[in-house]
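The values are calculated or read from the model by the stated rules, or taken from the named source; none is laboratory data. Values in this document were obtained by computation on a predicted structure and should not be read as measured data. All Cβ positions, even for glycine, are placed from backbone atoms using ideal geometry, and neighbour counts span all protein chains on display. Quick note on the areas: whole protein, heavy atoms, side chains included, nothing else; ligands and nucleic acids left out. Shrake-Rupley method; radii C 1.70, N 1.55, O 1.52, S 1.80 Å.
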Amino acid sequence: MCTAAIILTGGRSSRFGGRHTPGLEIAGSPVIASLLSSVEAAGVGEILVCGSPAGIEAGMLDRLRLVEEKPTFGGPLHGISCALAALSAGERIILVLAGDMPSVSAALLDRLRAAVTAGTPAAAVDPRGRVQFLCAAWPEATLRDALTGVGPTAGLPVRALYRSRDVTLVPATEVELIDIDTPADLARAERAAQID
C-alpha cells in the first residue's frame, strides 16, 4: 500500500527563544533533515510538511509539499487536519510525525506501517510505556473519519483523535522517540548522536 507522511513543524518553539526547533542542528544536521532522511529511506511516496520549512535543505524542498497552517499555531492536531485537506483522498497509510524528532529510524517507520490494520492505527511506545501519538501510522480513511469526528481542530490535543479507538502499540527505543521540547531534550539528543 502507498504511504504518505505528514510532518508537523508549526510550533512556536517558545522554550528556545523562538529558534525553530526542527531547524536546530545536532551533529551538524538540522533535526528536520535527519527525520526527512529516515522518511525517504522508508520509501514514503508523498511527504507533506505543515508549518515552517526552516532547516529543510533547498534540494529537499523539491521532493516534498509545504502546507500552510491556517490559522497558524493551531496545534499539532490542527496541522494534521490542514495537511490531510491538502492531500487528495486515496487508499494510503499516513505516517503522522512531529518535526522535532531527530532519531526516528526508517526501521521504526516500517514497523509502524506493518502494524496498521483496517480501521486501526499504530503508535510508537517507549520502554517506559509512554505512547508517542505523533509517531504513528494511520489507514487514511480511518484518519479522515477520526478528524471529521472531532470537529474543529484548532487548539485540541492530538489525543482527541485516539478517543474510544483501538491503537496497536509498536515498541521503540527511548532514543528513537526523543522529541525536542526543552533544552534538556536537545542535550539528550546531542548525547545520543555522539554515541551513534
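When a/c is below 1.5 the answer is rounded, else prolate if a/b is larger than b/c, else oblate, so apply that to the range 132-182 with a ≥ b ≥ c taken from the square roots of the Cα gyration tensor eigenvalues. Oblate is the answer for the range 132-182, as a/c is 1.5 or above yet b/c matches or exceeds a/b. The dipole here belongs to the chain: it is taken about the Cα centre, uses +1 on the Cβ of Lys and Arg and -1 on the Cβ of Asp and Glu, and is about 480 debye. In the complete set of protein chains, residue-level accessible area for D179 is approximately 30 Å², probe 1.4 angstrom. In the range 81-196, the DSSP beta bridges split such that about 70 percent are antiparallel, to the nearest 5.
Can you match volume of the Cα convex hull per residue in Å³ to one of these, (1) 152; (2) 112; (3) 120, based on a calculation from the structure here? Of the listed options (1) 152; (2) 112; (3) 120, (2) comes from this structure.
Only helical runs count toward this figure. For the chain, summing -39,500 (n - 2.57) over DSSP H runs of n ≥ 4 and dividing by all residues gives -9000 deg cm²/dmol at 222 nm.
Looking at the range 1-150, what % of its DSSP beta bridges pair antiparallel, to the nearest 5? Each step should come with its number before you reach the end.
Values: 12 of 28 bridges.
Around 45 percent antiparallel, to the nearest 5.
Which helices, counted as full DSSP H runs in the chain, have an axial Cα extent of no less than 15 Å and a Kyte-Doolittle average of 1.0 or above? Walk me through the numbers on the way to the answer.
On the way: long enough: 31-41 (16 Å, 1.65); 140-150 (16 Å, 0.19); 183-195 (18 Å, -0.29).
What comes out of the filter, once short or polar helices are dropped, is 31-41.
Write down the accessible area per residue of the chain in Å², having rolled a 1.4 Å probe over the full set of protein chains. Walk me through the numbers before you get to the answer.
On the way: 8950 Å² over 196 residues.
On a per-residue basis, 46 Å².
Does the range 11-84 classify as rounded, prolate or oblate by the C-alpha gyration tensor (a ≥ b ≥ c root eigenvalues; a/c under 1.5 gives rounded; else a/b over b/c gives prolate, otherwise oblate)?
oblate
Taking the chain as a Gaussian network, where each spring joins two C-alpha atoms under 10 Å apart, which residue of V158, V96, V150 fluctuates the most? Between V158, V96, V150, it is V150 that shows the largest mean-square fluctuation.
The fraction of accessible area contributed by carbon and sulfur in the chain is 52 percent, rounded to a whole number (1.4 Å probe; ligands and nucleic acids excluded).
The residue list V131, L109, M1 was ranked by how far each Cα lies along the charge dipole of the chain toward its positive end, using unit charges on Cβ atoms, and V131 comes out on top.
Residues whose amide H lies under 5 Å from that of V170, counting only those 5 or more places away or on a different chain, are A123, A124, V125; hydrogens are built 1.01 Å from N in the peptide plane.
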